[in-house]
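This report concerns only the one structure given below.
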Amino acid sequence: MEYDPYIIMDGSEREYGEWMSGNEAHQIQDQLPEGATIVPIILASDKAPVTRMTGDLEMHPLFITIANIHSSIRMKATSHAWACIGYIPTPEFLTHSDFHSVLEAHLWHRCLDIICSGLKVAASIGMFMADPNNCSRYTFTPLATYTADLPEQ
């Protein structure tokens with residue numbers, strides 16, 4: 001786990017690797033109160049079939065992890081570093097096709113607002129969380145990355 005942003009230098013050249021070695025990590029950390037820790041949020045979603053027995057229903061499961069976990073660990077399926085935090089439906093609307101993309105976008109963003117409401121509060125005013133060593137840390141949860149395979153317009 002990485003708790004503080006850092007800089008990697010190779011001679012006079014700066015190297016970038018993990019999210020915590022990037023400029024944004026330093027910019028966010030500089031704005032936080034003394035002693036606060038950033039817990040950068042990574043979200044990912046991709047359309048997946050739910051079942052074939054009820055008419056080929058599909059949803060977008062929404063997964064979460066944090067950038068504090070080193071990518072070599074985070075990307076191993078056996079590390080269980082990702083958690084499913086919700087499912088965003090992909091309904092078929094009974095309206096004129098001109099309105100479908102507007103309705104889908106509205107539903108998408110409303111679902112994200114509901115699912116991520118706690119993260120938004122922690123991103124703006126912070127909250128206390130236990131780290132892996134069971135120490136209490138004052139944390140802020142900015143969205144670092146959101147990867148999605150969204151429907152084509």
Reported set for the stretch 1-35 where residues are touching a Phe, Trp or Tyr at 6+ places or on another chain (Cβ under 7 Å) and closer than 19 Å to THR65 by Cα is MET20, SER21, GLY22, ALA25
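Can GLU2 be described as loosely packed, with under 10 Cβ neighbours inside 10 Å and either at pLDDT below 95 or not in a strand (DSSP E or B) (or both)?
The answer is no for GLU2.
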Reported set for the stretch 97-107 where residues are surrounded by 14 or more Cβ atoms within 10 Å (Cβ to Cβ) and touching a residue at least 40 places away in the same chain (Cβ under 8 Å) is GLU104
Given (1) at pLDDT below 90; (2) under 30 Å from GLY17 (Cβ atoms); (3) over 19 Å from the mean Cα position of the chain (by Cα); (4) not aliphatic (A, V, I, L, M), PHE99 misses just (2)
Over the stretch 70-92, the set of residues surrounded by 13 or more Cβ atoms within 10 Å (Cβ to Cβ), under 21 Å from LEU57 (Cα atoms) and of a type outside the set (Ser, Thr, Tyr) is ILE85, GLY86, ILE88, PRO89
Selection over the stretch 41-70 where residues are at pLDDT 90 or above, out of contact with any Gly (no Cβ under 8 Å at 6 or more places or on another chain) and not in a loop (DSSP other than H, G, I, E, B) yields a count of 9
- Query: In this structure, is ASP46 among the charged types (D, E, K, R) and in contact (Cβ under 8 Å) with a residue 24 or more places away in the chain?
  - Reply: yes
Check: Of the residues that make up the stretch 136-143, is at least one assigned to a loop (DSSP other than H, G, I, E, B) and not basic (Lys, Arg)?
Finding: yes
Of the residues in the stretch 5-30 that are of a type in the set (Asp, Glu) and either exposed (fewer than 14 other Cβ atoms within 10 Å of the Cβ) or closer than 19 Å to MET75 by Cα (or both), the one that is nearest to the chain's Cα centre (by Cα) is GLU18
LEU112 vs (1) in contact (Cβ under 8 Å) with a residue 12 or more places away in the chain; (2) out of contact with any Pro (no Cβ under 7 Å at 6 or more places or on another chain); (3) assigned to a strand (DSSP E or B): all pass except (3)
By residue number, the members of the stretch 115-135 that are out of contact with any Phe, Trp or Tyr (no Cβ under 9 Å at 6 or more places or on another chain) and assigned to a loop (DSSP other than H, G, I, E, B) are CYS116, PRO132, ASN133, ASN134, CYS135
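Using the structure shown, decide if SER71 is free of Cβ contacts under 8 Å to residues at least 60 places away in the same chain, of a type outside the set (Phe, Trp, Tyr) and under 30 Å from SER124 (Cβ atoms).
Yes.
The values are calculated or read from the model by the stated rules, or taken from the named source; none is laboratory data. Quick caveat, the model's predicted, so the values are computed rather than measured. Quick reminder, even Gly has a Cβ in these numbers, built from the backbone with ideal geometry, and neighbours come from all protein chains shown.
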